[in-house]
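Structure first, commentary second.
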Amino acid sequence: MKILKRNFFERDTLLVARELLGNKLVRRYKGRRISGIVIETEAYLGTDDSASHPFKGKTRRNQVMFGPAGIAYVYFVYGMHYLFNVVTEETNNPCAVLLRAVMPLQGQHHMERLRGKRGKELTNGPAKLCQAMAIDVSLNGWDLTRGEKLWFENVKTVPENFICTGPRIGIDYAAKKDREAHRRFWVQKEFIAHMREDSPYEIY
DNA sequence: AGCACGATCTGA
DNA sequence: CAGATCGTGCTA
């Protein structure tokens, strides 16, 4: 098991967003282990990106994005939801990757309990991901390279031809160039099914 | 101190 | 497609 270290995140944000696909996100919560394979991400490119929080400068809320890579940036939106990002690039270059979806591996039962719902798709959407993995603002600023509470493990790389790209979700307010740029990445559906079946991952 | 608005989700 | 729901950041 290889925990993703700072040098993984301290790189070009679009590359990190792409390469996070296929890696495992692990949460240690109340003695339980909840995990899933990352299948959808979005890149937020800092002060030049009108969809990105630091576009209007540094504030108390977004200050973690200005810090070192490999740190969790968790914030509250819409009066009810948390969103989870990983900070990328070097200090004072405020970029991050938003985690939008995982394929559940371990702790699925627990994910369902946390969400209070059953029998539905659990991990579509960044807020549902946070609910499922018990991620809230208390993890804002947490160092994801420590291998405690919340971290990433290298599983394997998703082949280039199984990665889809498109515009990001929920940023209608952003400038046209940023709205339309392909900064969202996801694993092609067929390959997700393949991951499930082949399941070198499903070691419970 | 007040106000407008979200990197969303749900259910009608 | 509206409603839930509240922290954040801007204006005064």
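The values are calculated or read from the model by the stated rules, or taken from the named source; none is laboratory data. This structure is a prediction, so every number in the text was calculated from the model and none was measured. No Cβ is skipped: glycine too gets one built from the backbone with ideal geometry, and neighbour counts run over all protein chains shown.
Looking only at residues in the stretch A:63-100 that are of a type in the set (S, T, N, Q) and crowded, with 21+ Cβ neighbours inside 10 Å, which one is farthest from DNA strand B (Cβ to nearest atom)? Quick ask: steps written out before the conclusion?
Step one: list which residues in the stretch A:63-100 are of a type in the set (S, T, N, Q), which gives A:63, A:85, A:88, A:91-93.
Next, from what is left, pick out any that are crowded, with 21+ Cβ neighbours inside 10 Å: A:85, A:88.
Details: A:Asn85: 5, A:Thr88: 11 Å.
My answer is A:Thr88.
Checking each residue in the stretch A:36-49 for being touching a residue at least 24 places away in the same chain (Cβ under 8 Å) and surrounded by fewer than 22 Cβ atoms within 10 Å (Cβ to Cβ) picks out A:Gly46, A:Thr47. A single member of A:Asn154, A:Asn140 is within 19 Å of A:Gln106 (Cα to Cα) and not aromatic (Phe, Trp, Tyr), and it is A:Asn154.
Taking the criterion of being part of a loop (DSSP other than H, G, I, E, B), buried (at least 16 other Cβ atoms within 10 Å of the Cβ) and either within 15 Å of the chain's Cα centre (by Cα) or within 16 Å of DNA strand C (Cβ to nearest atom) (or both), the residues of the stretch A:128-148 that qualify are A:Met133, A:Ala134, A:Ile135, A:Asn140, A:Trp142, A:Leu144, A:Thr145. Give me the residue from the stretch A:20-78 that is part of a loop (DSSP other than H, G, I, E, B) and among the basic types (Lys, Arg) and, out of that set, modelled with the lowest pLDDT. Per the stated criteria, the residue is A:Lys30. Being away from DNA strand C (no atom under 16 Å from the Cβ), at pLDDT 90 or above and outside any strand (DSSP E or B) is the filter here, so list the residues in the stretch A:92-127 that pass it. A:Asn92, A:Asn93 - these are the residues of the stretch A:92-127 that are away from DNA strand C (no atom under 16 Å from the Cβ), at pLDDT 90 or above and outside any strand (DSSP E or B). The set of residues in the stretch A:67-114 being within 17 Å of A:Arg27 (Cβ to Cβ) and polar (S, T, N, Q) consists of A:Asn85, A:Gln106, A:Gln108. If only residues of the stretch A:50-62 that are near DNA strand B (Cβ under 9 Å from one of its atoms) and of a type in the set (S, T, N, Q) are counted, the one that is nearest to A:Glu180 (Cα to Cα) is A:Ser52. Each residue in the stretch A:161-172 was checked for being under 15 Å from A:His194 (Cα atoms) and either outside any strand (DSSP E or B) or within 16 Å of DNA strand C (Cβ to nearest atom) (or both), and 2 pass.
Counting only residues that are of a type outside the set (Ser, Thr, Tyr) and over 17 Å from the mean Cα position of the chain (by Cα), which one in the stretch A:64-91 is nearest to DNA strand C (Cβ to nearest atom)? Steps first, please.
Within the stretch A:64-91, the first condition is being of a type outside the set (Ser, Thr, Tyr), and the residues that meet it are A:64-72, A:74, A:76-77, A:79-81, A:83-87, A:89-90.
Add one more test, that the residue is over 17 Å from the mean Cα position of the chain (by Cα), and what stays is A:66-67, A:79-80, A:90.
On the way: A:Phe66: 12, A:Gly67: 14, A:Gly79: 3, A:Met80: 5, A:Glu90: 21 Å.
Taking the candidates together, the pick is A:Gly79.
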